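Structure record follows, encoded as structure tokens.
Each value in this text was obtained by applying a stated rule to the coordinates, not by laboratory testing. None of the values given here were measured: they were computed from a predicted structure. Neighbour counts are summed over all protein chains in view; Cβ atoms, including those assigned to glycine, are modelled from backbone coordinates with ideal geometry.
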Amino acid sequence: MITVSIYCYPEREESKQVIDIVKSLGEEIPSRVIIIDLNEDLGMAEYFQDQNPVVQAGPYRAKPPHKKMDIRVTLLAAAERDEMNMKDPNYQANLSRGRSITRSDRFNQWFSKRYPWLFSLVLLLYVGLAVLAPVMMNVGANGAANVIYTVYKPFCHQLAFRSFFLFGEQAYYPRELAGIEGILNYEDVVGETESSEAVLLAREFRGNDFMGYKVAICERCLAIYGAMFLFSVVYALSGNRIKAIPWYMWILLGLGPIGLDGVSQLPGMVGINMPEWMIIRESTPLFRAVTGTIFGIMTFWFLMPQVEDSMRETRVILSKKFAYVKALESEESLAE
């Protein structure tokens, strides 16, 4: 006996006709019919879109417009495949796995539906701990704060003149090269920034009572991960329905601005005489925050819908399996 899954909206007339056709073929092709209601899973409904009802038996699938002959051919192909593989131990093992729900199945089903919120939680913790570090420094919990700074060090340069500060005179202390008037520059309160020793010091420097204490990730990273967090929340609230942007939009609008802003600063970090024609510049905190925010949004706008495509396929497979197991349990309870 083969298993026939029908993905449909059971209340619709077309679905009722397809169900009747499949059941009418039961005498010729013994089968167990499972109705999977697309009303109960919006993600799966979106996966099939207008291609429903869908009749699936094993790897074979019949899509609309449905004719009895097409459905019969689909079921016959599945029955022939089932008969040919009856003595194959691997095939039997696969059938056996399909008749039981494992913890992995339950976790995968749960994760496939809630992953945007999990991404949001991870990003919130990542950004939150980075901001917590200066808070802990300010209240005297230096040991715990230093652990956070150390953990984040492999993921960000942590240069003090490219980081936000809390609890001090200013929110940031950029290099004099940035050309921001009316504020204290990093050189004014700490010292020069061009030598390798000065750059290392700027990475290790965490602040003081006058300047405040720096966030554990730089201005650009804070904007990137903060934007990713906000987009993942919006994506989850949308029901995972936001469509992906084309790859060239991600390159032009996401990668382009942040790449130009970041790479154009490199000559200003070398610390030696450069050709007169070369632009020597230092980006401002505003530019870093804006380009980081755009990059974070565009990256998740490009990636999240693609993750959803994969997760939707997982949900379809698991929905079929859960429905099949439920049907088996119902038959066994009726038999008792």
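A quick yes/no check of all residues on (1) of a type in the set (K, R); (2) in a helix (DSSP H, G or I); (3) under 30 Å from P116 (Cβ atoms):
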| residue | (1), (2), (3) |
| --- | --- |
| T3 | no, no, no |
| K16 | yes, yes, no |
| I19 | no, yes, no |
| I29 | no, no, no |
| R32 | yes, no, no |
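Of the residues that make up the stretch 131-153, is at least one among the hydroxyl-bearing types (S, T, Y) and under 28 Å from M304 (Cβ atoms)? Scanning the stretch 131-153 turns up at least one residue that is among the hydroxyl-bearing types (S, T, Y) and under 28 Å from M304 (Cβ atoms). If we keep just the residues of the stretch 202-230 that are touching a strand residue (DSSP E or B) at 6+ places or on another chain (Cβ under 6 Å) and more than 16 Å from V189 (Cβ to Cβ), which is surrounded by the most Cβ atoms within 10 Å (Cβ to Cβ)? My answer is V215.
Within the stretch 1-30, the residues that satisfy the criterion of being crowded, with 19+ Cβ neighbours inside 10 Å and hydroxyl-bearing (S, T, Y) are T3, S5, Y7, S15. Kindly indicate whether Q158 is part of a loop (DSSP other than H, G, I, E, B), out of contact with any Asp or Glu (no Cβ under 7 Å at 6 or more places or on another chain), on the phi > 0 side of the Ramachandran plot and not hydrophobic (A, V, I, L, M, F, W, C). When the stated conditions are applied, Q158 passes them.
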